[in-house]
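Here's the structure, in structure tokens; my notes come after.
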Amino acid sequence: MTGRIVAVYGNMVIAEAPGQVVKNSVGYCCRSDGARLLCEVIRIRGRLTDLQVFEETRGLKVGDPVEFQKALLSVTLGPGLLGQIFDGLQNPLPQLAEKVGFFLEPGQYLPGLPLDRKWQFTPTAEVGQSVRPGQQLGTVPEGIFAHQIMAPFGLRESWRLESLSPAGEYTVDQEIATIINDSGEKRSVTMQQDWPVKVPLSVARRRLMPTDPLVTQVRIIDTMFPIVRGGTYCIPGPFGAGKTVLQQLTSRYAEVDVVIIAACGERAGEVVETIREFPTLTDPRTGKPLMERTIIICNTSAMPVAAREASVYTAATLGEYYRQMGLNVLLLADSTSRWAQAMREISGRLEEIPGDEAFPAYLESRIAGFYERAGQLELHSGEIGSLTIGGTVSPAGGNFEEPVTQGTLKVVGAFHGLSRARSDARRYPAIDPLESWTKYKGIIEPEKVARLRQLLRRGNEVQQMMTVVGEEGTSIEDFTTALKADFFDSVYLQQNAFDKVDAATPADRQKFVFDRVLGVCETPFEFATKDNARRAMVEVSDLFRNWNFAAQDSDEYKRILGDIEGFMEKHSAAEAANV
Amino acid sequence: MRKYYDHITRIAGNVVTVTASGIGYDELAILSGEKGSSLAQVIHLESDQVSLQVFSGTEGVSTGDRVRFLARPMQVPFSDQLLGRVFDGSGRPRDDRPQVEAEMINIGGPAVNPIRRRMPDQMVHTGIPMIDIFNSLVESQKLPIFSVAGEPYNELLARVGLQAKADVIILGGMGLRHDDYLKFRTAFEEGGVLGRSIMFVHTAADPVVEALIVPDLCLAVGEQFALQGKKVLVLLTDMTAFADALKEIAIIMEQIPSNRGYPGDLYTQMARRYEKAVDFDGAGSMTTLACVTMPGDDVTHPVPDNTGYITEGQFYLRNGRIEPFGSLSRLKQQVNGKTRDDHRAIMDSCIQLYAQCRESREKRDMGFEMSEWDDRLLKYGERFEKQIMDLSVNIPLFEALDRCWEILADCFEPAEIGIRRSIIEAHWPKELATEDAA
Ligand SMILES: Nc1ncnc2c1ncn2[C@@H]1O[C@H](COP(=O)(O)OP(=O)(O)OP(=O)(O)O)[C@@H](O)[C@H]1O
Ligand SMILES: [Mg+2]
């Protein structure tokens, strides 16, 4: 069906449609030079439909045709997604670069999956068996996984497998099965299928309460504010506080099967870093290039705004797809504020009644709906798959009392709040250990963690008091408490992202180091003077810091561990002598 | 045949609405009437009502004026003849020389495909230790100088511009004072770079809409030079004036403001400009340094705040110095691991100690007793400020690093500075170490 443009305003077009229009269906605005610009129906008022255009609207005219389609904005699912770099609408960027060069010209679209690539298919279903939505029909090897070829997720009624192709090599658009329903209707099944991005994809026996810790190898997270597989968390913080670096670390070291990076309205340069580095890095868990477990969705700040809004949904859908295979998927969205701002821009153009800071009234429900797509599922096959979502938030002025941060805090399971004071003091990762929280249980007994959290709190109180009464007005016990809190902070909570060893601490090492740190913090040192206390704590901090830099079980590691034990002995001996 | 439209139906703020058909969004037009003619750009199409943003403002525009559409977006001529020239915010010569006749290029073109970007890895040496050691500037970086009005930000911009060894320097002035324009000119002349510089200057006296065009002109021209393989440096001052122009237009267009009157798309508008900074894979690069004056010295003001979220760090200019806290070059780790093995360690340690020194100063100012440790921190802070932070210090990177070691060794014991042993062993000044042992 073809309509006509009647108005153009920024990335919004109003078109007149002669017939039936489906909300959130896609269309193409046809520029007079032949370019077809993808758009989505976002509001219908009588014969007028409001379209958000996923491209610059430069050159569109009143009267230009709009081709309306029935399909909702969708992505293509199938083997060949891993390792790819897509824009927010699943256009593969490397292939676009080959086709059009340095710039992203409007109206250039390519299929998301490689169509010429052949996959080695192994059938796993039996002809005649019943077929559920998402039923596994076979597998193909994709990187390190057996990628499950699944029946269409949108199946309704009951279907049976009528035919299934034998083992062999097929492209994604070749028929590999046919299914038939009770009324004799037949459907052909290929290895690829489309799914609308704004509809959650979740076909399972039941949704589980997520409790398996997701180890990120960032100590302050795993120990103090853990996240779980299938859970959600957010990282709000002012600009430059370290949100992106933290997500980059997590994308490398998190113990999951698949990582989806959604670079949403942020800097292109940051994505380039990932794109260039990942193929050269190996995943220590598999020995394969990290890129093979990664999908990058890249809609950076200079790319069209409406596609930015779509990009987080694209990412979530790809994540859900791999979850259906019983894999653990981690989706990292940076930054959800840019996504919210895209909604705000569109809402402004629709002249909807604005809420706080001109965000639309439905902001909170959209945020909730997005995080709700995370979760751990018990699939019909009995396998367990999970999608974990971690989003950064970029609050205006670094003030968390704003709509996006507040809307997010209501729905997530963990809050990793970055503080300007910590990042200014280069205390990275700048997660505020007093403000942040989690609802999940991690790898270290909560009771031990609570003891050290208490120490941090006490240490902070003493610090504050000292700014009033000075060091001389502080007892040596309190003074030592403050030193211990600072010791815990600087040798354990802080972690050097740019050191090969310190950048990632596996769970076992965390537990081991944690106990040693706890040991130091709970030793009742009897220092004679504050200077002695400071010297001793400087000494032991220096030991632990160097220990963090030493490769696990290296000579250096063992030597420093010996030194630490020596230090502890010396001080407990001193203590014994005092008694 | 030239077609004119003369049915003007609305004049408000800088926007004129005319009845016309077959007009493309974003297209350029010429509005002419008694007061002369001006460029204008299509910003809204609704049936046969075409709204135009008039570059020179609408004072004196009459309903009897005529509009001619050019069937193309805003363009700028591009060739080597631009070098050494000065233009205004509409791209007209400002230097009494003829218009440049050359191939025209569109401004505000599409984004670069991230795949065609390189990872930046070339350090830009400035001779300013606060930049070179602590926040190295990197080719293709986009970096603003956050400053209060009255600080020498334009001088700093010009100084970095001169030291940066770029092939082409493009200055974009928005709301620039004429004196400041002359100062840049003089600095470029004296630095011998005038012949490879291009200036697009909008002064405070010019129509506000033209301030919006200046960055696009600079960046479109810069991008073309970069595609030719050149190293381009773009200097934009003052981006706050650009943002204020956006705000003014948005209010006239009755957009709902999001924060202190600024439109909701402020972030996107600024990001589209800053993101033009690029290191092309297989061509040249464009580095962008911008000045952002902070109204009321408030970083949480929407302009510096949104800028900080877009750029790759920022330099804070305060009391004539680049502040170590808050200043940040996010690309520094791409280059500072390859300069000298102690670069990163010095960078971290000096700042952490300086932070502690400030705490000690606070304690001292409140009249508390100073411990021996406080005294050493105070001594350190004073020397650090004088020998490293002062903007008049102009020394190469390695010399600056050596100077930091000397200061550290004068004030502290090796175990106190939080640097790993192997690096201390290699760099701790030797005579001092033996002195201590004795
Ligand atoms: N864990 C870390 N270790 C060392 N340096 C860090 C760490 N985290 C952040 N930094 C420093 O801070 C800079 C900014 O970090 P990052 O880009 O992650 O900030 P951000 O919070 O994402 O900011 P924005 O909101 O503007 O995107 C980095 O370039 C780096 O120099
Ligand atoms: Mg970031």
Using only protein heavy atoms and a 1.4 Å probe, report how much of A:E309 is accessible, in Å² to the nearest 10. 10 Å²
Region B:262-296 and region A:20-91: distance between their alpha carbon centers, rounded to Å: 28 Å
Provide the FRET efficiency to the nearest 0.05 for the A:S32-A:E556 pair, computing r from the beta carbons and using R0 = 41 Å. 0.05
Cα Rg, Dmax (largest Cα-Cα span) when computed across region B:75-333, Å: 17.0, 48
If you count, for every residue in B:253-265, the Cβ atoms of partner chains within 10 Å of its Cβ, what is the mean? 5
Buried on assembly, region A:290-312 (at least 30 Å² less accessible surface than by itself, 1.4 Å probe): A:S301, A:A302
Here P(r) for the protein assembly as shown, Cα-Cα distances in 10 Å bins, as whole percents, is 2, 10, 19, 22, 20, 14, 9, 4, 1, 0, 0
Heavy-atom accessible area per residue - the protein assembly as shown, 1.4 Å, Å²: 37 Å²
Rounding to the nearest 10 and keeping the result within 0 to 90°, find how far the Cα-based axis of helix A:243-253 lies from the longest principal axis of chain A. 90 degrees
To the nearest 10 degrees, how steep is helix A:476-488 against the longest Cα principal axis of chain A, on a 0 to 90 scale? 30 degrees
Determine the shielding of peptide B:275-282 by partner chains: average, over its residues, the number of Cβ atoms on other chains within 10 angstrom of each Cβ. 3
With only alpha-carbon pairs counted, each pair once and no self-pairs, how large is the Kirkwood hydrodynamic radius of region B:343-437 in angstroms? 14.0 Å
Please list log₁₀ I(q)/I(0) at q = 0.10, 0.23, 0.25 Å⁻¹ for region A:495-579, using the Debye equation with identical point scatterers on the alpha-carbon positions. -0.28, -1.17, -1.30
Please report the carbon-and-sulfur percent of the accessible area for the protein assembly as shown; probe 1.4 Å, protein heavy atoms only, DNA, RNA and ligands left out. 49 percent
How crowded by other chains is A:56-67, given as the mean number of beta carbons from other chains within 10 Å of each beta carbon? 5
List for region A:222-254: residues with 50 Å² or greater reduction in accessible area, all protein chains versus chain alone, probe 1.4 Å? A:F239
Spherically averaged projected area in nm², based on the convex hull that wraps the Cα atoms of region A:289-352: 5.3 nm²
Using only Cα atoms, locate the centre of region B:107-153 and the centre of region B:340-387, then give the distance between them in Å, rounded to an integer. 28 Å
Translational diffusion coefficient of region B:28-117 at 4 °C, 1.567 mPa s, Stokes-Einstein with Kirkwood Rh over Cα pairs, in µm²/s as a whole number. 84 µm²/s
Any idea of the total accessible area buried by the A-B contact, 1.4 Å probe, rounded to 100 Å²? 6700 Å²
Calculate log10 I(q)/I(0) of chain A for q = 0.05, 0.06, 0.07 Å⁻¹, where I(q) comes from the Debye formula with a single equal point scatterer on each Cα and nothing for solvent. -0.26, -0.37, -0.49
How much net charge surrounds A:L214 when only the other residues with a Cβ under 15 Å from the Cβ of A:L214 are counted, with Lys and Arg +1 and Asp and Glu -1? +4
Determine how large the accessible area of B:E362 is when every protein chain is in place; take a 1.4 Å probe and give Å² rounded to the nearest 10. 120 Å²
If region B:4-69 were replaced by its equivalent ellipsoid, with semi-axes equal to the square roots of 5 times the Cα gyration tensor eigenvalues, what would those be, largest first, whole Å? 16, 11, 11
Relative to the first principal axis of the alpha-carbon coordinates of chain B, what is the inclination of helix B:372-384, with its axis defined by its Cα atoms, in degrees from 0 to 90 and to the nearest 10? 50 degrees
Solvent-accessible surface (1.4 angstrom probe) belonging to A:M466, in square angstrom, nearest 10: 20 Å²
If you find the alpha carbon centre of region A:538-565 and of region A:255-279, how far apart are they in angstrom? 33 Å
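The values are calculated or read from the model by the stated rules, or taken from the named source; none is laboratory data. Predicted, not measured: the structure shown is a model, and the values here were computed from it. Quick reminder, even Gly has a Cβ in these numbers, built from the backbone with ideal geometry, and neighbours come from all protein chains shown. Side chains included, ligands, DNA and RNA excluded: accessible areas come from the protein's heavy atoms. Shrake-Rupley method; radii C 1.70, N 1.55, O 1.52, S 1.80 Å.
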